[in-house]
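Asker: Please see the structure below; I have some questions.
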Amino acid sequence: MAKFDKTAVMAKIAETRMVPVFYHRDATVTKQVIKACYEGGVRVFEFTNRGDFAHEVFAECVRFAATECPDMALGAGSIVDPATAALYMQLGACFIVGPLLNTEVAPVCNRRQVPYCPGCGTASEVGMAQQCGCELTKVFPGDVLGPKFVKGIMAPMPWTKVMVTGGVAPERDNLQAWFAAGAFCVGMGSKLFPGDRVKAADWQYVTDKCRETLQIIREICQK
């Protein structure tokens, strides 16, 4: 069961404007990354459903975060069907993210007051997601669609809240471009967690990079 409902999760996203995206088959590594992000100020974290037994890793992380990162909302990403969404919500996912829009996932999430953030690449998909009750939609892949796509969506649909994932970097110019275009928040993966740093268990780097990136986002969004 989700520790935080839709209202609480959206409030956390609105506060930080950044959602780290991460997967590792080793639960110990994943827990350390979650803890490092938490210490850096992150309060919303997406674990991607990519490898075999990924849901078991997620379950361990939820139990870990309950005591070590009590204000962290953990969600599941790369979800493409309602059965997998239900599985992760049963394990404690506070939100569900997908690379695509599956209208059958939305009712499953809505029933439990869990945000569903589907990947959308057209105005029609964004509109359909909103019709299904999705308050936040994911622009994916961001590096293909670009900031102009976000700006184009916002012009006729200014009520839209989008999270850009793919092509987002923890750099001021990159972040400035996305938020200036109208992005509500950004999802960030490998550029926030370089493989060599994770392999070296350099958790302080992760904490410092999260803290630095959140500060940049605050400065941009306060202008």
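The values are calculated or read from the model by the stated rules, or taken from the named source; none is laboratory data. As the structure is a computational prediction, the values presented were derived from the model and not from experiment. Because the Cβ atoms are built from the backbone with ideal geometry, glycine has one as well, and the counts that use them run over all protein chains shown. For accessibility, only protein heavy atoms count, side chains too; no ligands or nucleic acids. Shrake-Rupley method; radii C 1.70, N 1.55, O 1.52, S 1.80 Å.
Asker: Anyone know which of VAL139, VAL62, VAL164 comes out most mobile in the 10 Å Cα GNM of the chain?
Answerer: Top of the fluctuation ranking is VAL62.
Asker: Which of the helices in the chain meet the span-like rule: DSSP H, Cα axial reach of 15 Å or more, Kyte-Doolittle mean at least -0.5?
Answerer: 6-16, 27-39, 54-68, 142-154, 203-221
Asker: Right, another one. Which residue, CYS117, GLY195, PRO156, has the largest displacement toward the positive end of the dipole of the chain when charges sit on each Cβ (Lys, Arg +1; Asp, Glu -1)?
Answerer: Result: PRO156, furthest along the dipole toward the positive end.
Asker: Considering only DSSP states other than H, G, I, E and B, which GluC sites (Glu not before Pro) in the range 158-223 qualify as loop sites with at most 12 other Cβ atoms within 10 Å?
Answerer: Sparse-neighbourhood loop GluC sites (Glu not before Pro): GLU171.
Asker: Take GLU125 and ALA180, extend 7 Å from each Cα along the Cα→Cβ direction, and tell me the distance between the two endpoints in nm.
Answerer: It is 2.6 nm.
Asker: Ok, one more. With only Lys, Arg, Asp and Glu charged, each at its Cβ (+1 for the first two, -1 for the last two), find how big the charge dipole of the chain is about the Cα centre; round to the nearest 20 debye.
Answerer: It works out to roughly 360 debye.
Asker: Additional query: Dipole size in debye (nearest 20) for the range 138-203 around its Cα centre, Lys and Arg Cβ +1, Asp and Glu Cβ -1?
Answerer: 180 debye
Asker: For the range 145-204, state which chymotrypsin sites (Phe, Trp or Tyr not before Pro) are in a DSSP loop and have at most 16 other beta carbons lying within 10 Å of their beta carbon.
Answerer: Counting only loop positions with at most 16 other Cβ atoms within 10 Å, the chymotrypsin sites (Phe, Trp or Tyr not before Pro) in the range 145-204 are TRP159.
Asker: Using just the helices of the chain, give the 222 nm mean residue ellipticity in deg cm²/dmol: DSSP H runs with n ≥ 4 each add -39,500 (n - 2.57), and the total is spread over all residues, rounded to 500.
Answerer: Values: 10 runs with 111 residues, N = 223.
Helix contribution divided over all residues of the chain: -15000 deg cm²/dmol.
Asker: Right, here's the next one. Heavy atoms only, probe 1.4 Å: what % of the accessible area of the chain goes to carbon and sulfur, would you let me know?
Answerer: That share works out to 52 percent.
Asker: Label GLN215 and ARG25 with points 7 Å out from Cα along Cα→Cβ: what is the distance between them in nm?
Answerer: The answer from the label model is 3.8 nm.
Asker: Can I ask one more? Evaluate the charge dipole of the range 165-223 about its Cα centre and quote only its size in Debye, nearest 20, assuming +1 on the Cβ of each Lys and Arg and -1 on the Cβ of each Asp and Glu. Show your work: numbers first, answer last.
Answerer: Values: 8 positive and 7 negative charges, 20 e Å.
Roughly 100 debye, rounded to the nearest 20.
Asker: Report, largest value first, the span of the C-alpha coordinates of the range 1-138 along each principal axis, in whole Å.
Answerer: 40, 33, 25
Asker: What chymotrypsin sites (Phe, Trp or Tyr not before Pro) does the range 1-75 have in DSSP loop regions with at most 16 other beta carbons within 10 Å?
Answerer: Sparse-neighbourhood loop chymotrypsin sites (Phe, Trp or Tyr not before Pro): PHE53.
Asker: Before anything else, pin down the relative contact order of the chain: Cα pairs under 8 Å, at least 6 apart, normalised by residue count, whole percent.
Answerer: Once normalised by length, the contact order is 22 percent.
Asker: Let me ask something else. Which FRET efficiency, nearest 0.05, do LYS148 and LYS191 yield, Cβ-Cβ r, R0 25 Å?
Answerer: About 0.75, to the nearest 0.05.
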